[in-house]
């Protein structure tokens, strides 16, 4: 038998570490029924999964930005497309632009079956695109595929961030991560006051 490469060893170690604990999955979906069905399906499939739920992409980005340790990042993000404030495609774009979060596998889970939605999601580096099934047995099968995608992820790595002066610095997770979070929060506050984006306050 040929010896495993370094990447194969890392993947094997990752699979083992994930199998020793509950998967950490964040689901961005504002439909409470879908959230409940996902938890029930995981229980039916006998997969230990620690779910966290957020209502849209903006809440997801804020939640991730407040994590202080690579080990606390989720094993998988389940992402709906039709959400308030920040939709699924814009969220994928944000995740891919981040020096650390791009490593988190994303499974798009939507009512949409449009080829254009699937193509754009995969172009934005989603690992899979799944249309929400019409029945509970389909949800249970979805959970099995979700576990497979999550268990195949590679160990997360911190990356250097290139600064405007040409130097680089280590990217640190947590509230001190970046001024991008401040810019993002300001942008979201603007949208809350003016959802149309035309400068019209709701006050």
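The values are calculated or read from the model by the stated rules, or taken from the named source; none is laboratory data. Computed from a predicted structure; not experimentally measured. Every residue, glycine among them, receives a Cβ derived from its backbone with ideal geometry; neighbour counts consider all protein chains shown.
Some points to look at:
- Among the conditions (1) out of contact with any helix residue (DSSP H, G or I) (no Cβ under 9 Å at 6 or more places or on another chain); (2) modelled with pLDDT under 95, the only one that residue 116 does not satisfy is (2).
- None of 83, 1 is farther than 19 Å from residue 145 by Cα, in contact with a helix residue (DSSP H, G or I) (Cβ under 7 Å, 6 or more places away or on another chain), at pLDDT below 95 and part of a loop (DSSP other than H, G, I, E, B) except 83.
- Qualifying residue in region 52-61 (condition: modelled with pLDDT of 95 or more, surrounded by fewer than 17 Cβ atoms within 10 Å (Cβ to Cβ), touching a strand residue (DSSP E or B) at 6+ places or on another chain (Cβ under 6 Å) and not in a helix (DSSP H, G or I)): yes
- Summed over region 38-51, the residues that are in a helix (DSSP H, G or I), surrounded by fewer than 17 Cβ atoms within 10 Å (Cβ to Cβ) and more than 18 Å from the chain's Cα centre (by Cα) give a count of 3.
- Checking each residue in region 102-134 for being in contact (Cβ under 8 Å) with a residue 40 or more places away in the chain and assigned to a helix (DSSP H, G or I) picks out 103, 121.
- Single unsatisfied condition, residue 96 versus (1) modelled with pLDDT under 95; (2) in contact with a helix residue (DSSP H, G or I) (Cβ under 8 Å, 6 or more places away or on another chain); (3) crowded, with 17+ Cβ neighbours inside 10 Å: (3)
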